[in-house]
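Written out below as structure tokens is the structure these notes cover.
The values are calculated or read from the model by the stated rules, or taken from the named source; none is laboratory data. What you see is a predicted model, and the numbers here were worked out from it, not measured in a lab. Methodologically, a virtual Cβ is constructed for each residue, glycine included, from the backbone with ideal geometry; neighbour enumeration extends over all protein chains shown.
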Amino acid sequence: MKYVGFDWASQAHDVTVLDEAGQVLDRWAFPHSEVGWSMTVDRLRRQGLPDDLPVIVERTSGLVVDRLLSAGHPVVPVHPTAFFAARPRWGASGAKSDPGDSYKLADYLRTDGHRLRRLAPVDPGLQELQVLVRLRDDHVRARTAASNQLTAGWMPIGLGRDSCSSRSPRRSRCPS
């Protein structure tokens with residue numbers, strides 16, 4: 001069995017693959033780009049079948065989790081607080097590094113993975129529904145922002161929300 005620790009960040013991610021004994025089999029960093037993701041999925045594929053290669057990450061959802069699940073890997077989410085509480089087992093140093101964290105995450109999965117829940121790859125129909133929901137949410141946010149901008153634009157000329165009430169002498173200037 002092999003174990004993958006994935007330390008995510010906004011610009012680049014660090015990955016470490018360990019064997020049963022805790023020896024580093026592979027370690028790399030990659031930019032948060034399509035090219036970086038493709039390279040990482042290929043590199044993970046060289047380690048074994050995705051079903052047999054669980055990945056631990058300090059996230060329960062989001063793009064990183066979605067990409068790993070869509071590649072077929074069981075994802076083991078760990079809460080950052082739970083992972084932080086386990087840090088003393090690797091020494092007293094409070095120093096933090098992304099490559100070190102990816103190693104510690106993989107080792108945590110190796111030793112305690114049987115206690116942690118795994119996210120299974122998402123059904124394609126559910127993935128499609130998730131995309132549609134995200135699109136809808138983005139659309140609602142865009143419409144709300146546009147509406148707020150229009151309302152803010154009316155304020156300087158006295159066409160704010162209150163100026164369109166039935167008590168307003170300028171009611172005839174209110175948009176319909």
(request) Within segment 52-71, identify whether any single residue is at pLDDT 90 or above and on the phi > 0 side of the Ramachandran plot, and answer yes or no. (result) no
(request) Looking only at segment 103-119, count how many residues are assigned to a helix (DSSP H, G or I), over 15 Å from A85 (Cα atoms) and touching a Leu at 6+ places or on another chain (Cβ under 7 Å). (result) 2
(request) Looking at (1) exposed (fewer than 12 other Cβ atoms within 10 Å of the Cβ); (2) in a loop (DSSP other than H, G, I, E, B); (3) at pLDDT 60 or above, find the lone condition where S166 falls short. (result) (3)
(request) Report yes if S61 is within 27 Å of E128 (Cα to Cα) and within 16 Å of the chain's Cα centre (by Cα), otherwise no. (result) yes
(request) Answer yes or no: is there a residue in segment 16-23 that is farther than 14 Å from D101 by Cβ, surrounded by fewer than 14 Cβ atoms within 10 Å (Cβ to Cβ) and in contact with an Asp or Glu (Cβ under 9 Å, 6 or more places away or on another chain). (result) yes
